[in-house]
Amino acid sequence: MEKTLKELADYVGGEVVGDGNIRVKGVMTIDVATEGYITFVSNEKYIKKLDETKASAVIVSPSIRTKDKNLLITKNPYLAFAKIVDLMMNPETEHPGTCDRLATIAASAEIGSNVTAYPYVFVGENTKIANNVVLHPGVFIGDDCQIGNDTILHPNTVIYNGTQIGERVTIHSNVVIGCSGYGYAPDGDKYYKIPQVGITVIEDDVDVGANTTINRAVLGETRIKRGTKIDSQVIIAHNVEIGEDTLVTSQVGIAGTVKIGNHVILAGGAGVAGHVTVGDNVTVGGWSGVIKDLPPDKTYLGTPAIEIERMRRCYIILQKLPEMKEAIKSLQKKVTQLEKQLEPRRE
Amino acid sequence: MEKTLKELADYVGGEVVGDGNIRVKGVMTIDVATEGYITFVSNEKYIKKLDETKASAVIVSPSIRTKDKNLLITKNPYLAFAKIVDLMMNPETEHPGTCDRLATIAASAEIGSNVTAYPYVFVGENTKIANNVVLHPGVFIGDDCQIGNDTILHPNTVIYNGTQIGERVTIHSNVVIGCSGYGYAPDGDKYYKIPQVGITVIEDDVDVGANTTINRAVLGETRIKRGTKIDSQVIIAHNVEIGEDTLVTSQVGIAGTVKIGNHVILAGGAGVAGHVTVGDNVTVGGWSGVIKDLPPDKTYLGTPAIEIERMRRCYIILQKLPEMKEAIKSLQKKVTQLEKQLEPRRE
Amino acid sequence: MEKTLKELADYVGGEVVGDGNIRVKGVMTIDVATEGYITFVSNEKYIKKLDETKASAVIVSPSIRTKDKNLLITKNPYLAFAKIVDLMMNPETEHPGTCDRLATIAASAEIGSNVTAYPYVFVGENTKIANNVVLHPGVFIGDDCQIGNDTILHPNTVIYNGTQIGERVTIHSNVVIGCSGYGYAPDGDKYYKIPQVGITVIEDDVDVGANTTINRAVLGETRIKRGTKIDSQVIIAHNVEIGEDTLVTSQVGIAGTVKIGNHVILAGGAGVAGHVTVGDNVTVGGWSGVIKDLPPDKTYLGTPAIEIERMRRCYIILQKLPEMKEAIKSLQKKVTQLEKQLEPRRE
């Protein structure tokens, strides 16, 4: 499905500089783009590649101008790129909209219209599946769950009893939601398992990446709010609450009863210790360990995580510790020397 | 199933202060508890909430007294809480106790009494499954395995050939036990795979959290001893031995041939390098990297992990490195000044 | 299948010192080896155990000699060990070479000769499976995939649409390959999902450990080159390229568009930030965070990762920060004292 550059600009609410009539076949990255394709520059690192690319057109922000290139100018080139990829290159996937004879659906489950259950899907008692839901092969959904409209569960995901999942949610493969959290009461030398009788709630428009685990609550709920995007290999423990439109990237670990605000970004490998609160609009840098409440609207880094400007300076000085140690040694010698020089004078 | 406060106190071996005849419907957390419910205070952080809670009764330790509240006093409130949740709120799950027609059980497998194999379960040749075992949908058990009485395998867990699992073990979803460890011998520029021909043994009363991986041994065994509790997203490499009643929390990584003692606690994200021994009763703090043997009975922190008191002081000073650098600069100036002052006198 | 020591030496291209006619039943580790078994010493740590072992023969490097032991001497004892385990102890696994009636194979899929599809395997439309491939129970392969000769997919692995996998590849259980990466364009307060329309390519002789995730590309490819070995619980993000014969050990996280060279070693828990390039023959130490390009042929450590010699010294000094702080305090006192002593003289 080819489009003219003008049609694409109209679609994303941008403007053409150059020839709006050229035909665009698809999107390619700037290094490999060939004639007939559109590419984009969202990262300043790649501006210099603008003159070298063979792409027929480039999506750029208003601050960038270049000769001899057809430009699609927009305030948010990355968003325009995403929308054009979606329009031109995202394959339409069709699903049968029926339950396969090798799927197992409990008699008491309520299944909406146009629901696809592929082979080896298991749906438990009293579970309600809304319309247009796709359950890929090997998906397990326990008893008493709810799955909202247009939600997609990829192969082999496991949803434990009592979990509630909203609309337009995407859960990737091998994700586990609603399993028992890690709670044990010491009983002498042994441990007594604390039954985890709460549930997990995943609100609308949440995405969850492959191999991620989200535990159910001890009592009450673990809740992931609307629009939050969770990456792969993440662990979210019992009774955690994550706000709206928050980004939880891969390998993040969030311990029990943590509260994360709205529009937070937790970068890769960051961890948050139990019972901590992270304020709205906070960003936590990669591989940081958060052990105290973090006030809103700031960026934090390090273990323990502190404000990023200070931590960055600490990291730089950390790498100069050998020189610092030498400086102290040298000072100690000089001071001893000075002390000696002064000593006889006192006599 | 309502109980009187007195009945609950008797059940957990505690004492009532206040009205033992009030009826309790269940357990709720202190913030949300309403009339008719019991709550608990195990963390000092929450003592101040005692006066605000609407709960009809509170489980507390003997050191806590409060007016106008019915108290269940016990030396271990957290354990009492766990037992009461178990008694009152843990749903009894019933399983058919039979093998589904969509399960595949090898002819040579020995299946005990009252074993449930849900659809899509696969059990290999010569595997022995004891009594009352529950194999949830999608569970795979290879050849020559043993599964003890009353053990539960949640959906989509994978148990490789030759694995031995004890009694009353709970394995959560998408766990992989007994897969080949990571062993390669350099062969010029390439790598030659070292066959992993040992096994994995999981003793009685062990729990394993979702998406965790436990490798088989190169030769001999990887062994997790009785009562040890492993959280989600953990990796335990080949030939590791973990003692009894040890807690391995989420995202912990344990490299090959590591030996962990009894009653150890490895906090979230901690890692242990290959061939290291961790003594009994050791606690390792979150996100620590252990690269040397750790003597028993102490708490360690940091990368590389050292005794916690020292590491905590190091962390605090680390954050003051910019000030330390300034202090050294200032000293250098002063000393240079002093040297200059003394220099002419020598002439 | 017993072998004489001489036969084993010939097999691995080594030499016998001692009795080449003794019969060897198998391989055991040095601590537990009994008569009739061969063991090995590849790690200097274990040389002292040579005299204590009850093994009938030991594989050693030419630098090691010992009395009263039959030795198999070879330049690469670890490789010889691996080859002998392979020869003597690696069980031959037989697979039916047919598709089970409880497997679901799309009509348009092309299945080679001697392919085994166990129960609950799902193969999508237009996917091509070459000869001798083994698809264990619960494996999911989407549409338009290619799987090369002699490749083994262990239970419950998930291969998304369009993925290409080479020959002699081993994928362990619950691995996810080709799932959507984590890409979102900010759209006001919300996030717009960037469709991930590229693919993942796994070349020949790659191994992937259990519970690992490898994302597909936004556009173009995520590519793992020939001979690279990936451990468990690893995340490899979109558009990553990993070279040949590289070792990626457990819990490593590699962010988007990272390029890793040939013969690289990433130790356990190491992370690489987005858009970074790691040169050939680089080693990155455990739990390190790489945030800048790393030039080839060196070893790096720490967060941020720098050359290992410097970082090791920094780690040592880091643990002495309390003493360093004391030294500075003491210097400050002395300098103040010196300044006082000199002050009156100026008057």
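The values are calculated or read from the model by the stated rules, or taken from the named source; none is laboratory data. Just so it is clear, the structure is predicted and the values come from calculations on it, not from any experiment. FYI the Cβ positions are ideal-geometry reconstructions off the backbone, even for glycines, and counts take in every protein chain you see.
Among the residues of segment A:23-38, the ones that are assigned to a loop (DSSP other than H, G, I, E, B) and either exposed (fewer than 15 other Cβ atoms within 10 Å of the Cβ) or β-branched (Val, Ile, Thr) (or both) come to 6 in all. Quickly run through segment C:82-98 and pick out the residues that are more than 17 Å from B:Gly198 (Cβ to Cβ) and crowded, with 20+ Cβ neighbours inside 10 Å. Correct list: C:Lys83 only. Is it the case, given these coordinates, that A:Gly253 is within 14 Å of chain C (Cβ to nearest Cβ) and closer than 30 Å to B:Asn262 by Cα? Here the answer is yes, as A:Gly253 does meet what is asked.
Here the condition is being more than 22 Å from A:Ile105 (Cα to Cα) and at pLDDT below 95; of B:Asn114, B:Asn132, B:Asn90, B:Asn126, it holds for B:Asn90 alone. Restricting segment B:82-106 to residues that are among the small types (Gly, Ala, Ser) and under 29 Å from A:Val139 (Cβ atoms), the residue that is nearest to the chain's Cα centre (by Cα) is B:Gly97. So is A:Ser232 under 25 Å from A:Gly142 (Cβ atoms), in a loop (DSSP other than H, G, I, E, B) and within 11 Å of the chain's Cα centre (by Cα) or not? So A:Ser232 fits the description; yes.
Taken together, A:Asn149, A:Asn131, A:Asn114, A:Asn126 contain a single residue that is closer than 22 Å to B:Tyr120 by Cβ and of a type in the set (S, T, N, Q), which is A:Asn126.
Output the residues belonging to segment C:306-347 that are part of a helix (DSSP H, G or I) and acidic (Asp, Glu). Break it down stepwise before answering.
Step one: list which residues in segment C:306-347 are part of a helix (DSSP H, G or I), which gives C:308-318, C:321-346.
Selection gives C:Glu309, C:Glu323, C:Glu326, C:Glu339, C:Glu343.
Within segment B:240-255, can one find any residue that is within 24 Å of C:Ala210 (Cα to Cα), in a loop (DSSP other than H, G, I, E, B) and more than 19 Å from the chain's Cα centre (by Cα)? No, segment B:240-255 contains no residue that is within 24 Å of C:Ala210 (Cα to Cα), in a loop (DSSP other than H, G, I, E, B) and more than 19 Å from the chain's Cα centre (by Cα).
Of the listed requirements (1) modelled with pLDDT under 95; (2) out of contact with any Phe, Trp or Tyr (no Cβ under 7 Å at 6 or more places or on another chain); (3) on the phi < 0 side of the Ramachandran plot, C:Val16 misses just one: (1). All conditions in (1) closer than 16 Å to B:Asp68 by Cα; (2) outside any loop (DSSP other than H, G, I, E, B); (3) away from every other protein chain (no Cβ under 14 Å) hold for B:Asp19, with the sole exception of (2). Taken over segment C:2-13, the criterion of being more than 14 Å from C:Val60 (Cα to Cα) and either in contact with a Leu (Cβ under 8 Å, 6 or more places away or on another chain) or modelled with pLDDT of 95 or more (or both) is satisfied by C:Lys3, C:Thr4, C:Lys6, C:Glu7, C:Asp10, C:Tyr11. Of A:Val60, A:Val123, A:Val41, all but one fail to be crowded, with 24+ Cβ neighbours inside 10 Å, of a type outside the set (S, T, N, Q) and assigned by TED's automatic domain parsing to the domain that holds A:Val16; the exception is A:Val60.
Among the residues of segment A:281-294, some residue qualifies, meaning at least one is on the phi > 0 side of the Ramachandran plot and in contact with a strand residue (DSSP E or B) (Cβ under 7 Å, 6 or more places away or on another chain). Within segment A:312-345, being farther than 20 Å from C:Lys329 by Cβ and either in the same structural domain as A:Thr283 (by TED's automatic domain parsing) or modelled with pLDDT under 95 (or both) holds for A:Lys340, A:Gln341, A:Leu342, A:Glu343, A:Pro344, A:Arg345. Could we say that B:Ser173 is in contact (Cβ under 8 Å) with a residue 60 or more places away in the chain, of a type in the set (S, T, N, Q) and either over 28 Å from A:Gly253 (Cβ atoms) or surrounded by 24 or more Cβ atoms within 10 Å (Cβ to Cβ) (or both) here? Judged against the criteria, B:Ser173 is not a match.
Report yes if some residue within segment B:20-33 is farther than 21 Å from A:Ile194 by Cβ and out of contact with any Ser or Thr (no Cβ under 8 Å at 6 or more places or on another chain); otherwise report no. Checked against the condition, which is being farther than 21 Å from A:Ile194 by Cβ and out of contact with any Ser or Thr (no Cβ under 8 Å at 6 or more places or on another chain), segment B:20-33 yields no hits at all. Filtering segment C:119-135 to residues that are without any contact (Cβ under 8 Å) to a residue 24 or more places away in the chain and within 14 Å of chain A (Cβ to nearest Cβ) leaves C:Pro119, C:Tyr120, C:Val121, C:Phe122, C:Val123, C:Glu125, C:Asn126, C:Thr127.
Taking every residue in segment C:267-283 that is of a type in the set (D, E, K, R) and pairing it with any residue that is part of a loop (DSSP other than H, G, I, E, B) and surrounded by fewer than 18 Cβ atoms within 10 Å (Cβ to Cβ), at least 6 positions away or on another chain, the pairs with Cβ-Cβ distances below 6 Å are C:Asp280/C:Pro296. Can you name the residue in segment B:42-94 that is assigned to a loop (DSSP other than H, G, I, E, B) and in contact with a helix residue (DSSP H, G or I) (Cβ under 6 Å, 6 or more places away or on another chain) and, of all such residues, is nearest to the other protein chains (Cβ to nearest Cβ)? It comes out as B:Ser42. Considering segment C:181-195, the residues that are more than 7 Å from chain A (Cβ to nearest Cβ) and within 18 Å of C:Glu241 (Cα to Cα) include one that is modelled with the lowest pLDDT, namely C:Gly181. Count of segment A:299-320 residues, restricted to those that are in contact with a strand residue (DSSP E or B) (Cβ under 8 Å, 6 or more places away or on another chain) and more than 7 Å from every other protein chain (Cβ to nearest Cβ), is 9.
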